[in-house]
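Everything below concerns the one structure shown next.
The values are calculated or read from the model by the stated rules, or taken from the named source; none is laboratory data. Note that the coordinates shown come from a computational prediction; the quantities given were computed from them, not determined experimentally. No Cβ is skipped: glycine too gets one built from the backbone with ideal geometry, and neighbour counts run over all protein chains shown. Just the protein is used for accessible areas: all its heavy atoms, side chains included, with ligands, DNA and RNA removed. Shrake-Rupley method; radii C 1.70, N 1.55, O 1.52, S 1.80 Å.
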Amino acid sequence: MLRLTNTLSGTQETFEPMDGTTVRMYTCGPTVYNYVHIGNLRTYIYEDVLRRHLLSKGWKLVHVMNITDIDDKIIKKSIELGVDLRSFTAPYTAAFFEDCATLRIQRPDIITPATEHVPEMIEIVKKLLEEGYAYQESDSIYFRISRFPTYGRLSRLDKRELKIGARIDADEYEKEEPQDFVLWKAPKSENEPRWEAPFGAGRPGWHLECSAMAMKYLGPTLDIHCGAVDNIFPHHDNEIAQSEAATHKPFVRFWLHGEHLLVEGEKMAKSKGNFFTLKDLLERGYDPLAIRYLLISIPYRKQLNFTFDSLAAAAAALDRIKEFFFRLRTARLSAGANPALAGMIAGAREQFEAGLDDDLNTAEALAAIFKLIRESNIALADGLMQEDNRAAILQWFEVVNERLAIVPPTEHLVQDDAEIESLIARRNEARRNRDFAMSDQIRRELLDRGIVIEDTREGTRWRRN
RNA sequence: GGCGCCGUACCCAAGUGGUAAGGGAGAGGUCUGCAAAACCUUUAUGCAUCGGUUCGAAUCCGAUCGGCGCCUCCA
């Protein structure tokens, strides 16, 4: 039974798809005016874990993600560079999916660029204008907050008081009330991109695109809508207002919000010099899998303090998994199954699933993995493990990898290689002859080629580093 | 000022009423020609502080201290 924390209620609720079979999920995608940073990626990774977990339940999933390829920053930068919108955004969009692939983030089923869905957005604006939820002012269209009494429900706006002097109006447009937000922006200059609409040429506001695209592909009511905490207000509150005003139906059943990532205890900011893209980290030689591991190891609703120490710890934890596989695969086992170990595997599986069912408690799921590794290592040392146990463990780790995608590739560790085998044979002959100078020299040669050897009671094992 | 999150060992961190998971690091041990690696063991009478409720509290309540985020670009 999957429990998820719903921002709408502030508590955990049991999740089931509305129709019992298909989960309709929308996740806020990137604004492609720059490369995404590791904070963005943390959000996409928790959504990926959610996605994989939902699929494991046997539900069908329709997962939609938007690409915001039209907004103020994009327009400003593309005009500065003298290129058209698409030429400007396409490389960032491509880089985004490349980063996702590097971090083993699965692609959503439907990817929706805002610029390809303007007609759907215009339809919503028309409807809102007709019903008095929107009004025109200086050629732009605004949503009229006063017509939507429950406005701000998600962020509990009714309980808020604005700090005196806080910025109330960041927009340069005219509005009836400061909190009204823009649905459709009139162009401010000649060279701004625009779309024709019955209420005047312009371009969509940011909030509008998500409502239009989500409802186009998922219907008026979504099961799940994800984002990070900074989206709660105003973005998601505005989505609720404009969507529900347009359809008179509940927009989203479960709102999920991931916490932010900090770097060395501080908010990530370019001005602080602690701003990292995935590429920055890869250039420093860090393993993408270690990055994924680190971002997964802290549950999504908790702030994650990213440090290079913690990244090194993540890499070490992955090495432990890798070592375990190496040991398990190369162990000589007798046929049959030890029932005690079968119970141990079942226990790990149960803890793993219960952890993820508990609002995606990835820390708990990882603990289940390492507990099984320790117990298996002891069983191997005591000679208690048998073939069928090994098969069951390997099989379960395939499931684990489908779900968390943090299992390092290990097949290459134990590939046959006649040349290396013969070097090892020569070294062992030298050892038998107590010619340790020779034996150490061969070991050094192998090490230079990235081959690590381990002498055990069962003989010498080797693997690629 | 308002809203929200958080404070658990050297570091990260799970645990929301029944006696402190897991990872990293350190230390000890096993194995070994040696080393390395690996593996095992070990590291919190105590969970920011104080008070309360309870047979029982890291968990609930109150207060205090400290950290972080948001309050109309934000993952």
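Okay, here's what the table says:
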quantity	calculated
Cα gyration tensor, segment A:255-311 - rounded (a/c under 1.5), prolate or oblate	oblate
Net dipole in debye of chain A [+1 Lys, Arg Cβ; -1 Asp, Glu Cβ; about Cα centre; nearest 20]	1200 debye
Candidates per trypsin sites (Lys or Arg not before Pro) in segment A:211-304, loop by DSSP, up to 14 other Cβ within 10 Å	A:R284, A:K302
Length-normalised contact order of chain A in % [C-alpha pairs under 8 Å, at least 6 apart]	15 percent
Cα long-axis angle, helix A:362-381 against chain A (0 to 90 degrees, to the nearest 10)	10 degrees
Value of Rg/Rh across segment A:278-412 [Cα atoms, Kirkwood radius]	1.00
Calculated FRET value between A:E266 and A:A367, using beta carbons and R₀ = 35 Å, to 0.05	0.75
Dipole of segment A:1-125, positive direction: furthest Cα of A:L8, A:I111, A:V83, with charges on the beta-carbon	A:L8
Dipole magnitude (debye, nearest 20) for segment A:415-464, charges at Cβ of Lys, Arg, Asp, Glu	200 debye
Two-site FRET efficiency, A:E131 against A:R156, from Cβ-Cβ distance with R₀ of 30 Å, rounded to 0.05	0.70
Calculated FRET value between A:I378 and A:E192, using beta carbons and R₀ = 60 Å, to 0.05	0.35
Antiparallel content of DSSP bridges confined to chain A, in %, to 5	50 percent
Kirkwood hydrodynamic radius over Cα pairs of chain A, then Stokes diffusion coefficient at 25 °C and 0.890 mPa s, in µm²/s	97 µm²/s
Charge dipole of chain A about the Cα centre (unit charges at C-beta), most positive-ward option of A:L41, A:A246, A:I451	A:I451
Rounded percent of accessible protein surface that carbon and sulfur make up, chain A, 1.4 Å probe	49 percent
Segments A:443-449, A:151-157 sorted - mean Cβ within 10 Å per residue, highest first	A:151-157, A:443-449
Average accessible area per residue (Å²) across chain A - probe 1.4 Å, nucleic acids and ligands excluded	47 Å²
Simple spin-label estimate for A:E387 and A:N305 in nanometres, 7 Å along Cα-Cβ	5.1 nm
Segment A:278-412 - charge dipole about Cα centre, Lys and Arg +1 at Cβ, Asp and Glu -1, debye rounded to 20	260 debye
Local electrostatic count, A:I298, Cβ distance below 11 Å [Lys/Arg +1, Asp/Glu -1]	+2
Residue-averaged 222 nm ellipticity for chain A, from DSSP H runs of 4+ at -39500 (n - 2.57), nearest 500	-14500 deg cm²/dmol
A:F97 paired with A:R332, simple spin-label distance in nm, labels 7 Å along Cα-to-beta-carbon	5.1 nm
Euclidean distance of C-alpha centroids, segment A:362-436 and segment A:1-55, integer Å	34 Å
Percentage relative contact order, segment A:388-464, counting C-alpha pairs under 8 Å, at least six apart	23 percent
Subset of A:K270/A:K371; A:K188/A:K267; A:K77/A:K267; A:K73/A:K267; A:K73/A:K279; A:K73/A:K175 violating a 30 Å alpha-carbon distance limit	A:K270/A:K371; A:K188/A:K267
